[in-house]
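The values are calculated or read from the model by the stated rules, or taken from the named source; none is laboratory data. Note that the structure is predicted; figures quoted are calculated from it, not measured. Glycine gets a Cβ as well: all are built from the backbone with ideal geometry, and neighbour counts include every protein chain shown. Please note that ligands, DNA and RNA were not included when accessible areas were found on the heavy atoms of the full protein model with its side chains. Shrake-Rupley method; radii C 1.70, N 1.55, O 1.52, S 1.80 Å.
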Amino acid sequence: MNRILSALGAGLVFGLGIAISGMGNPAKVLNFFDVLGTWDPSLIFVMGGALITTAIGYRVIFGARSAPMFDSKFHVPTSKTIDAKLVGGSALFGVGWGISGFCPGGAIPALGFAPWPTALFLISMGGGILLARWLQALPSSKTA
Amino acid sequence: MVTEFTPYASLIGGVLIGLGAVILMALNGRIAGMTAMLGGVLEPRSPDAPWRLAFLVGAILAPAIAMIFGAEFSFSSPTTGALLVLGGVIVGVGVTYGSGCTSGHGVCGMARLSPRSIVATLTFMVTTFATVTLIRHGFGG
């Protein structure tokens, strides 16, 4: 129960941050990448603020404690493999982000303040995730 | 379409995004990656599903609650419905193969200086920039 309530609390703070920052506003996100046109550099402040806060926070946590409050260990990814799957998938994600203006972290909170057309994006994204999982489960994709 | 430059709101929002990630690590020892959180919906039988679902519910509820108290969040989707569907499917496939998105790789992974996340973030920032530039300005710039 503690883990569920703490995740709910973290989600509330995260979602409020997305909404205030403009990261859940496709017009603003697309303008960040439109340096040659209607450029809006606001997202530098979003990413900078999030990254610096997280980097300092993680450093303090990992330095002060050997385990989180409600679990026996930190679940931190250990893989260091940089392969075609990582680069190709990330490249593809960027293309979709550039077409729609939505990323998963922006779209979920946007559902709370602009349900439409956010839901259309999220349903399509869910379809894409299921499609990719199905492709990965095919026997021939072992080398992918 | 021009959007207002909002350095203060964006910085405050960014710090809150980071705080959410720090809270989740301090209490549950977990990375605040939205791609992984979606597993809470897509794998309902996983032992991680309940807390992932709780994070998603919190992330959706916070802006809705703030609006009840009078907050306003600017929102505009300048693309067509067909492009939202196309972009959505491509994002879904991409984050699955790339094992993360802006939150997991761009914030949490970069904060840990994970080589995988640094490569992933640089890659999607470049392809997003290229895609937006191509769509809005064509091949000639």
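Among what's in segment B:32-51 and is at the interface with chain A (Cβ under 7 Å from one of its Cβ atoms) and within 17 Å of the chain's Cα centre (by Cα), pick the residue that is farthest from B:S103 (Cα to Cα). If we take residues in segment B:32-51 being at the interface with chain A (Cβ under 7 Å from one of its Cβ atoms) and within 17 Å of the chain's Cα centre (by Cα), then B:L38 is farthest from B:S103 (Cα to Cα). Just to be sure I understand, how many residues within segment B:28-50 are buried (at least 21 other Cβ atoms within 10 Å of the Cβ), free of Cβ contacts under 8 Å to residues at least 40 places away in the same chain and not in a loop (DSSP other than H, G, I, E, B)? The total comes to 2. The condition of being closer than 18 Å to B:I118 by Cβ and either facing chain B (nearest Cβ under 7 Å) or in a helix (DSSP H, G or I) (or both) holds for only one of A:L8, A:L51, that being A:L51. Within segment B:51-80, the set of residues being of a type in the set (G, A, S) and surrounded by fewer than 21 Cβ atoms within 10 Å (Cβ to Cβ) comprises B:A64, B:A66, B:G70, B:A71, B:S74, B:S76. Per the listing A:I56, A:I44, A:I4, the residue uniquely farther than 18 Å from B:C108 by Cα, free of Cβ contacts under 8 Å to residues at least 40 places away in the same chain and of a type in the set (V, I, T) is A:I4. Taking the criterion of being touching a Phe, Trp or Tyr at 6+ places or on another chain (Cβ under 6 Å), touching a residue at least 24 places away in the same chain (Cβ under 8 Å), assigned to a helix (DSSP H, G or I) and not aliphatic (A, V, I, L, M), the residues of segment A:90-116 that qualify are A:S100, A:F113. Cβ contacts < 7 Å: first residue more than 25 Å from B:T128 (Cα to Cα), restricted to segment A:60-88; second residue open to solvent by 70 Å² or more (accessible area, probe 1.4 Å) and assigned to a loop (DSSP other than H, G, I, E, B), any location; separation 6+ or different chain. Result? Final answer for the pair search is A:A67/A:K73. As for segment B:9-27, it holds at least one residue that is more than 19 Å from B:G104 (Cβ to Cβ) and open to solvent by less than 50 Å² (accessible area, probe 1.4 Å).
Taking the criterion of being within 7 Å of chain B (Cβ to nearest Cβ) and either open to solvent by 80 Å² or more (accessible area, probe 1.4 Å) or outside any loop (DSSP other than H, G, I, E, B) (or both), would at least one residue in segment A:133-143 satisfy it?
Restricting attention to segment A:133-143, the residues satisfying the condition of being within 7 Å of chain B (Cβ to nearest Cβ) are A:133.
Filter once more, so that each one left must be either open to solvent by 80 Å² or more (accessible area, probe 1.4 Å) or outside any loop (DSSP other than H, G, I, E, B) (or both): A:133.
Within segment A:133-143 (the criterion being within 7 Å of chain B (Cβ to nearest Cβ) and either open to solvent by 80 Å² or more (accessible area, probe 1.4 Å) or outside any loop (DSSP other than H, G, I, E, B) (or both)), the answer is yes, since at least one residue qualifies.
Just checking, does segment B:109-127 include any residue being under 19 Å from A:S124 (Cα atoms), at the interface with chain A (Cβ under 7 Å from one of its Cβ atoms) and either under 17 Å from the mean Cα position of the chain (by Cα) or in contact (Cβ under 8 Å) with a residue 12 or more places away in the chain (or both)? The answer is no; no qualifying residue exists. If you filter segment A:25-41 down to residues that are more than 7 Å from chain B (Cβ to nearest Cβ) and not aliphatic (A, V, I, L, M), you find that the one that is surrounded by the fewest Cβ atoms within 10 Å (Cβ to Cβ) is A:W39.
The residue of segment B:82-141 that is surrounded by the fewest Cβ atoms within 10 Å (Cβ to Cβ), among those that are basic (K, R) and in a helix (DSSP H, G or I), is B:R136. So is B:G100 under 28 Å from A:I52 (Cβ atoms), modelled with pLDDT under 95 and touching a helix residue (DSSP H, G or I) at 6+ places or on another chain (Cβ under 6 Å) or not? When the stated conditions are applied, B:G100 passes them. The single residue among A:I82, A:I56, A:I44 that is surrounded by fewer than 18 Cβ atoms within 10 Å (Cβ to Cβ) and assigned to a loop (DSSP other than H, G, I, E, B) turns out to be A:I82.
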